[in-house]
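> Input: one structure, supplied below.
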There are 2 protein chains.
Amino acid sequence: MGFYQRLETAWTLSESMLCVGLDPDPSRFPDSLRGGVRDIESFCKQIIDTTGDLVCAFKPQIAYFAACGAESQLEKVCEYILNNFPNVVLILDAKRGDIGDTAALYAREAFERYGADAVTVNPYLGTDSLAPFLKTPGRGTIVLCRTSNAGAGEFQSLEVDGEPLYLRVARTAATTWRKQGDCALVVGATYPEELARVRAIVGDMPILVPGIGAQGGDIRAVVSAGRDANRRGLIINSSRAVLYADHSPSFAAAARRVALATRDAINAVE
Amino acid sequence: MGFYQRLETAWTLSESMLCVGLDPDPSRFPDSLRGGVRDIESFCKQIIDTTGDLVCAFKPQIAYFAACGAESQLEKVCEYILNNFPNVVLILDAKRGDIGDTAALYAREAFERYGADAVTVNPYLGTDSLAPFLKTPGRGTIVLCRTSNAGAGEFQSLEVDGEPLYLRVARTAATTWRKQGDCALVVGATYPEELARVRAIVGDMPILVPGIGAQGGDIRAVVSAGRDANRRGLIINSSRAVLYADHSPSFAAAARRVALATRDAINAVE
């Protein structure tokens, strides 16, 4: 089963376009988890257990693990998702970008080592740099298009041939990359107008949307601008607002409440 | 001592602009190293020992370690360079690119965990995404400008405001980024004309040049096009041509011969 098909199944079974981002920051862990870095795996598993029926995807952010040497905990977190929530899509947020043999090794890191269904990648190095990801059978390649940061437009919105660069990326995705594999895009929730322009170009291609919650993106605007003709097509990520909803020992229950409210808010958009 | 100053010292003491890239591929190790992945550290240390007096920099490519879960070996390789070749610059080739807290964690991965003097990063997400790297005191931020792959031009050469995107990146580096920290650029050896255009914009900013050796870039063309007014300014990387010069037990001696010939060829350019 390919990434597109797995995602369709996840949307249907969960009745949710919510993705919970796993950004484990030991300095923000609840008082009940005093092990710091050693508790990353435990923290993530508790979040996964209490939100797994509310999401279409989990998205571990590899930098949180790599900064403190916790790759083996990331392996275990990914394995836990794959084993216990087989109908939830596993997206490794790594934003990799390299060429030739090196790109192939990054694809191996994401798809073989961590078993991810999909990985985020950077388009700056061009189509040939994305090929090792796109050509991995059954897996998804989620290309940065318009990111959610304040300075995203500095290069992404530069005009090339009469349109901004991020739309050129979207157009290349909709034509070239889609033919090579199950391609998706990243468009930040903080730019709903840009999201609508991307959707108009890419048809029903899935779009991963970070930036709601802590980053301030508006759910109604995102869903209205971003969903496809079937009222689907979005993977709407929330990380910190879910993970750090509460610092008490019942943090996981609090995370569930926020995830549930977010899913319902997404589904309530007319 | 900052990155620029450390690099100046390295150029002076080694009389070399050669950088040896550490891309350890167990499938290409000599017959004497049969441990596969377990021998990555040993392989790298032998290359480091026999080439350390011939180079201004070593550049471990993190994907080779990450694909097979060898981060602890990368830690040891980096520590070995820092301890035994304190006048050689350590560049972590990671091509990271993310925003906010996540970018700060990637900076921590490169500069704290691995102790790198500099790290390669991707500019697509804009100036704010580079800030955590640029603002780390004493360290260098090496931004992808024009990469060495065949398809590099697909986005990098798109015309924006009358010049190709990679020159806009170079111009931003020479103005904004340089004020924020010790910034350098990546320009592939396979595009000497583009290298000359970048040099004309960035003055004496260091440029990391991958793509000689196995990728076919021409040393004379690179040095002529890329060096600065002081006949310096380049970090010219060779990986596979050095590492896999020979598959016999004397592979490290063969690596030294290739490194020496490459350094001399660089220095011989009029």
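Values in this text are rule-based calculations from the coordinates and carry no lab data. On a predicted model such as this, the values are computed, not experimentally measured, just so you know. Using ideal geometry, Cβ is built from the backbone for each residue, glycine included, and neighbour counts are taken over all protein chains shown.
> Kindly identify segment B:191-270 as rounded, prolate or oblate by the Cα gyration tensor criterion: order the square roots of the eigenvalues as a ≥ b ≥ c, call it rounded if a/c is under 1.5, otherwise compare a/b with b/c, prolate if a/b is larger, else oblate.
Working: a/c = 2.82, a/b = 2.25, b/c = 1.25.
Prolate is the answer for segment B:191-270, as a/c is 1.5 or above and a/b outweighs b/c.
> Count the net charge of all other residues whose Cβ sits under 9 Å from the Cβ of B:S157, scoring Lys and Arg as +1 and Asp and Glu as -1. Each step should come with its number before you reach the end.
Numbers: positive: B:R146; negative: B:E154, B:E159, B:E194.
Spelling it out: positives minus negatives among the neighbours equals -2.
> Jot down the radius of gyration and Dmax of segment A:69-207, Cα atoms only, both in angstrom.
Computed over the Cα atoms of segment A:69-207, radius of gyration and Dmax are 15.3, 48 Å.
> Okay, moving on. Assume the label is 7 Å from Cα along Cα to beta carbon: what separations in nm does B:R28 have to the matching positions in the other copies?
4.1
> Let me make sure I get this right: for the protein assembly as shown, a, b and c are the square roots of the gyration tensor eigenvalues over alpha carbons, sorted descending. Under 1.5 in a/c it's rounded, otherwise prolate if a/b > b/c, else oblate. Which is it? List each step's numbers first, then the result.
On the way: a/c = 1.93, a/b = 1.51, b/c = 1.28.
Because a/c hits 1.5 or more and a/b exceeds b/c, the protein assembly as shown counts as prolate.
> Among the listed pairs A:K76/B:K76; A:K45/A:K76; B:K135/B:K179; A:K76/B:K59; B:K59/B:K95; A:K59/A:K179, which have their C-alpha atoms separated by more than 19 angstrom in this model? Numbers along the way, then the final one.
Values: A:K76/B:K76 24 Å; A:K45/A:K76 9 Å; B:K135/B:K179 10 Å; A:K76/B:K59 30 Å; B:K59/B:K95 12 Å; A:K59/A:K179 25 Å.
Long pairs (Cα-Cα over 19 Å): A:K76/B:K76; A:K76/B:K59; A:K59/A:K179.
> Relative contact order of segment A:117-179, please, whole-number percent, based on alpha carbon pairs below 8 angstrom and at least 6 residues apart. Display every interim value, and only then the final one.
Working: 54 pairs, mean separation 17.3, N = 63.
Computed value for segment A:117-179: 27 percent relative contact order.
> Per residue of segment A:36-49, in order, report the coupling 6.51 cos²θ - 1.76 cosθ + 1.60 (Karplus, θ = phi - 60°) as ³J(HN,Hα) in whole Hz, putting x for Gly and Pro.
For segment A:36-49, the Karplus-derived couplings read x, 3, 5, 9, 4, 4, 4, 4, 4, 5, 5, 5, 4, 4 Hz, x marking Gly and Pro.
> Using the Cβ atoms and a cut-off under 13 Å, what net charge is assigned to the surroundings of B:T127, where Lys and Arg are +1 and Asp and Glu are -1? If you can, show how the numbers build up before the last one.
On the way: positive: B:K135, B:R168, B:R171, B:R178, B:K179; negative: A:E154, B:D128.
Here the charged neighbours net out to +3.
> Just subtract the alpha-carbon distance of B:S72 and B:R232 from 0.36 nm times their residue separation and send over the number in nm, one decimal. Mind dumping the intermediate values first?
Working: separation 160, 0.36 × 160 = 57.60 nm, distance 3.43 nm.
54.2 nm is the gain from fully extending B:S72 to B:R232.
> Let me ask another. For the pair B:A268/A:R257, report the inter-label distance in nm, with labels modelled 7 Å from Cα in the Cβ direction.
7.5
> Can I ask one more? Relative to the longest principal axis of chain B, what angle (0 to 90°, nearest 10) does the C-alpha long axis of helix B:251-268 take?
Helix B:251-268 sits at roughly 40 degrees to that axis.
> Still on this structure: Would you tell me the mean number of C-beta atoms belonging to other protein chains that fall within 10 Å of each C-beta in B:99-109, as a whole number? The partial results should precede the final answer.
Details: counts 11, 5, 8, 9, 3, 2, 10, 5, 2, 4, 8.
Whole-number average of other-chain Cβ neighbours for B:99-109 is 6.
> Ok, one more. Taking the Cβ-Cβ separation of B:S250 and B:N84 as r and a Förster radius of 22 Å, what is the calculated FRET efficiency to the nearest 0.05?
Numbers: r = 21 Å, r/R0 = 0.96.
Efficiency at R0 = 22 Å is approximately 0.55.
> To continue, here is another question. ³J(HN,Hα) across segment A:227-242 via Karplus (A = 6.51, B = -1.76, C = 1.60, θ = phi - 60°), whole Hz, x for Gly/Pro?
Along segment A:227-242, the couplings run 6, 8, 5, 8, 6, 10, x, 10, 10, 9, 8, 10, 10, 4, 4, 7 Hz.
> Relative to the Cα centre, what is the charge dipole magnitude of segment A:62-201, using +1 at the beta carbon of each Lys and Arg, -1 at the beta carbon of each Asp and Glu, and rounding to the nearest 20 debye?
On the way: 14 positive and 17 negative charges, 66 e Å.
The dipole of segment A:62-201 has a size of about 320 debye.
> Between segment A:215-270 and segment A:156-189, what is the separation of their alpha carbon centroids in Å?
With segment A:215-270 and segment A:156-189 each reduced to a Cα centre, they are spaced 25 Å.
> Another one. For A:V88, what residues show an amide H to amide H distance below 5 Å, using hydrogens built from the backbone and excluding near sequence neighbours?
Residues meeting the criterion, in which the H sits 1.01 Å from N, do not exist here.
> Then there's this: Shortest first, in nm, what separates the label point of B:N83 from those of the same position in the other copies (7 Å along Cα→Cβ)?
So the distances to the same position in the other copies read 3.6 nm.
> Considering every pair of different Cα atoms, what Kirkwood radius, in Å, is found for segment B:3-268? Before the final figure, lay out each step's value.
Details: mean 1/r = 0.0544 Å⁻¹.
In segment B:3-268 this quantity evaluates to 18.4 Å.
> What is the angle, in °, between the Cα long axis of helix B:71-84 and the longest principal axis of the Cα atoms in chain B? Nearest 10 is fine, range 0 to 90.
90
> In debye to the nearest 20, how big a dipole does chain A give about its Cα centre with +1 on each Lys and Arg Cβ and -1 on each Asp and Glu Cβ? It would help to have the intermediate numbers written out before the result.
On the way: 28 positive and 32 negative charges, 52 e Å.
Charge dipole of chain A: 240 debye, to the nearest 20.
> If you plug each phi of segment A:112-122 into the Karplus form 6.51 cos²θ - 1.76 cosθ + 1.60 with θ = phi - 60°, what whole-Hz ³J(HN,Hα) values come out, in order, with x for Gly and Pro?
8, 5, 9, x, 5, 6, 8, 9, 7, 9, 9
> While we're on this one: About the Cα centre of the protein assembly as shown, how large is the charge dipole given +1 on each Lys and Arg Cβ and -1 on each Asp and Glu Cβ? Please answer in debye to the nearest 20. Don't jump to the answer; show the numbers that get you there.
Values: 56 positive and 64 negative charges, 15 e Å.
For the protein assembly as shown, the charge dipole is close to 80 debye.
> Further question: Can you list the residues, at least 5 places off or on another chain, whose amide H is less than 5 Å from the amide H of A:D182, using H built in the peptide plane?
A:T141
> Taking every alpha carbon pair in segment A:169-236, what does the distance histogram look like in 5 angstrom bins from 0, in percent?
Each 5 Å bin holds this share of Cα pairs: 4, 20, 31, 23, 14, 6, 2, 0.
> For B:Q180 and B:D161 in one chain, what is 0.36 nm times their gap in residues minus the Cα-Cα distance, to one decimal in nm? Please list the in-between numbers first.
Values: separation 19, 0.36 × 19 = 6.84 nm, distance 2.45 nm.
The B:Q180-B:D161 span can extend by a further 4.4 nm.
> Quick one: with label points 7 Å out along Cα→Cβ, list the inter-copy distances for A:A196 in nm, shortest first?
4.9
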